[in-house]
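Peer 1: Got a structure for you, questions after.
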Amino acid sequence: MGKNQEEFDLLNKSFDDLFPIMRSITGPGIEKSFEILGKHMPLEIEKCKTGTSVFDWTVPPEWHFERARLWGPDGKLICDTDDLNLHVVNYSEPIEVTLPLSELQNHLHSLPDLPDAVPYVTSYYNRTWGFCLSEKQRSALKDGDYKVEIKSEFVDGGVPFAQSLLKGETDREILFTSYLCHPSLANNELSGPLALLALYNRIKSWKNRKYTYRFLLNPETIGSICFLSRYHEHLKDNLEAGLILTCVGGPKEKIRIKSSRDGNSIFDQIFNYKSFTQPEKWQVTPFSPIHGSDERQFCAPGLNLPMGQVSRTVYGEYDGYHNSLDTKEFMTIESVISSVDQIEEMLIMMEKAEYPINQAPYGEPQLGKRDLYPSINSQHTWTASSDERFDGRVILNRILTLLNYADGKNSLYEIARKCECTLDDLKPVVDRLSEEGLIKFKPE
């Protein structure tokens, strides 16, 4: 496999190093995770201090967790985070107490519809504690007194985020970002950072880069808000387009793209084109703030940055979402690499994207004198031309569409999609209009 084997081995080893770590939105776990990924891509780490106001949020204290255990009335150990990180409610406060099952039940979490799965539960901003276990375990609990022990503490620190930059020929930036805060989940946690690492190494190896590429890792929601509180003005001035990488593993065949809020970035245009020409491989869904990941922060109305989201086997649509069934075997390194392949294919298209500009934009240019319009015009030319050189107005319609959308904002990919044809189909029209001096291309 050569180079491909090297990439597989790197992602496979990184997964095995990252998966056992108890991560949260703050604390030693996420910082250790940054350290592991930092061995393979340079990461500059920043931190927003506890208590700092970031837009409408306040940065929480760090959660430093040691261990959580739950014993039954017979003294047998029921839950132990040394066996599975998901057994404790993330951000649980410290507690050591003995209490009856009737009281303990208020602090237990399970999934009746998935009796073998242990759920992932958090309570970042409301102090509480709890254990997560399978429904099978929970239903087998007997009346009696249970011993609870959660060793954790809250300390002043902050929310960290880490980023890396690959400079290009221009200052216009492409941003890739993924979250790193869930413990022991595969597709919904590690597939995104692994894809980001692979993309970093691939783009770094390109001989030429038109755009500058920024790679960001942060805890979900609060991490992106902390990053945006410091960098939103820079992004407003320099960001060309970006993608949140989430759930990019799993068995689904199609890459799923969630559009940016305005739906008109270069990524949106290429993804719309790809979903039109290769619907078996690409699926586009409109932006929505109701569900999703950090695109909800980047696309908030005060920011409205051109950020979309890419996924494969998406959150909420597989049994293992946010529970212990989300394993490496379900995610697979091969599936992550397949997603990276498709994203890189799109990036290469973006680097080569051309933007035509109409040179006679005040009204339609006179096409007839350039032999680009039927010489006879009647009601019949609505559906068929009166000249042999026009085939059912197909070429003429492409000419008119291209000229109208040649405003320097629409790429040829977007115009081809509007013409319901491929870029190859559109090329003769592009060439002819260029020869006639009716279009020129936006300079690099």
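The values are calculated or read from the model by the stated rules, or taken from the named source; none is laboratory data. Nothing here was measured: the structure is a model prediction, and the numbers come from that model. Methodologically, a virtual Cβ is constructed for each residue, glycine included, from the backbone with ideal geometry; neighbour enumeration extends over all protein chains shown. Side chains are part of the model used for accessible areas, which takes the heavy atoms of the whole protein and leaves out ligands, DNA and RNA. Shrake-Rupley method; radii C 1.70, N 1.55, O 1.52, S 1.80 Å.
Peer 1: What value does the range 40-101 have for Rg/Rh, both radii from Cα atoms and Rh as Kirkwood defines it?
Peer 2: We get a ratio of 1.15 for the range 40-101.
Peer 1: Can you tell me which lysines have their Cα less than 19 Å from the Cα of Lys49? Leave out same-chain residues fewer than eight positions away.
Peer 2: Correct list for Lys49: Lys32.
Peer 1: What accessible area per residue comes out for the chain, rounded to a whole number of Å², with a 1.4 Å probe? Can you show the working numbers first?
Peer 2: On the way: 20050 Å² over 444 residues.
Ligands and nucleic acids excluded, the figure is 45 Å² per residue.
Peer 1: Determine the order of Tyr321, Tyr273, Tyr125, Tyr362 by accessible area, beginning with the largest, at a probe radius of 1.4 Å.
Peer 2: So the residues, ranked largest to smallest area, are Tyr362, Tyr125, Tyr321, Tyr273.
Peer 1: Where does each of Trp63, Trp206 land when they are ordered by accessible area, with a 1.4 Å probe and the largest first?
Peer 2: Heavy-atom accessible area, descending, gives Trp206, Trp63.
Peer 1: In addition: If you look for lysine pairs in the range 232-318 that are eight or more places apart or on different chains, how many of them have Cα atoms under 26 Å apart?
Peer 2: Final tally of qualifying lysine pairs is 7.
Peer 1: Could I ask something else about it? Quickly work out the Asp74-to-Trp206 label distance, labels modelled 7 Å from Cα along the C-beta direction, and quote it in nm with one decimal.
Peer 2: Here the modelled spin labels are 6.1 nm apart.
Peer 1: To the nearest 500 deg cm²/dmol, what mean residue ellipticity at 222 nm is calculated for the chain from DSSP H runs of n ≥ 4 alone, each contributing -39,500 (n - 2.57), summed and divided by the residues?
Peer 2: Details: 13 runs with 138 residues, N = 444.
My calculation for the chain gives -9500 deg cm²/dmol from helical runs alone.
Peer 1: Taking 0.36 nm per residue of separation and subtracting the Cα-Cα distance, what length does fully extending Val155 through Glu66 add? Each step should come with its number before you reach the end.
Peer 2: Values: separation 89, 0.36 × 89 = 32.04 nm, distance 1.35 nm.
Value of the extension gain: 30.7 nm.
Peer 1: OK, next. Once you sort the root eigenvalues of the Cα gyration tensor of the range 162-294 as a ≥ b ≥ c, which label holds: rounded (a/c under 1.5), prolate (a/b larger than b/c) or oblate (the other case)?
Peer 2: Rounded shape, in that the Cα axes give a/c under 1.5.
Peer 1: Please state the shape class of the range 25-69: rounded when a/c is under 1.5, otherwise prolate if a/b exceeds b/c and oblate if not, all from the C-alpha gyration tensor.
Peer 2: The shape class here is oblate.
Peer 1: Report the Stokes-Einstein translational diffusion coefficient (µm² s⁻¹, integer) for the range 1-78, Rh taken as the Kirkwood radius over Cα pairs, at 25 °C with viscosity 0.890 mPa s. Each step should come with its number before you reach the end.
Peer 2: On the way: Rh = 15.9 Å.
It diffuses with D of about 154 µm²/s by this estimate.
Peer 1: Setting aside same-chain residues fewer than 8 positions from Lys142, which lysines have a Cα under 27 Å from its Cα?
Peer 2: Hits, sequence-local ones excluded: Lys76, Lys151.
Peer 1: Set the Förster radius R0 to 60 Å, insert the Cβ-Cβ distance between Ser102 and Val394 as r into 1/(1 + (r/R0)^6), and round the FRET efficiency to 0.05. Can you show the working numbers first?
Peer 2: Numbers: r = 75 Å, r/R0 = 1.24.
With R0 = 60 Å, the Cβ-Cβ based efficiency is 0.20.
Peer 1: Sticking with this structure for a sec: Considering only protein heavy atoms and a probe of 1.4 Å, how much of the accessible area of the range 127-246 is carbon and sulfur, as a whole percent?
Peer 2: Numbers: 1550 of 3820 Å².
On the range 127-246, the fraction of accessible area on carbon and sulfur atoms equals 41 percent.
Peer 1: When the chain is fully extended, how far beyond the present Cα-Cα distance does Phe8 get from Lys39, taking 0.36 nm per residue of separation?
Peer 2: Full extension of this stretch gives 9.5 nm more.
Peer 1: Moving on to the next point. Out of the DSSP beta bridges found with both residues in the chain, what percent are antiparallel (nearest 5)? Walk me through the numbers before you get to the answer.
Peer 2: Details: 40 of 63 bridges.
Once the DSSP bridges in the chain are tallied, antiparallel ones form about 65 percent.
Peer 1: Report the gain in length on full extension from Tyr362 to Tyr124: 0.36 nm times residue separation, minus Cα-Cα distance, nm rounded to one decimal.
Peer 2: On the way: separation 238, 0.36 × 238 = 85.68 nm, distance 5.71 nm.
The span from Tyr362 to Tyr124 would gain 80.0 nm if fully extended.
Peer 1: Cα gyration tensor of the range 244-283, axes a ≥ b ≥ c as square roots of the eigenvalues: rounded (a/c below 1.5), prolate (a/b > b/c) or oblate?
Peer 2: Verdict is oblate for the range 244-283.
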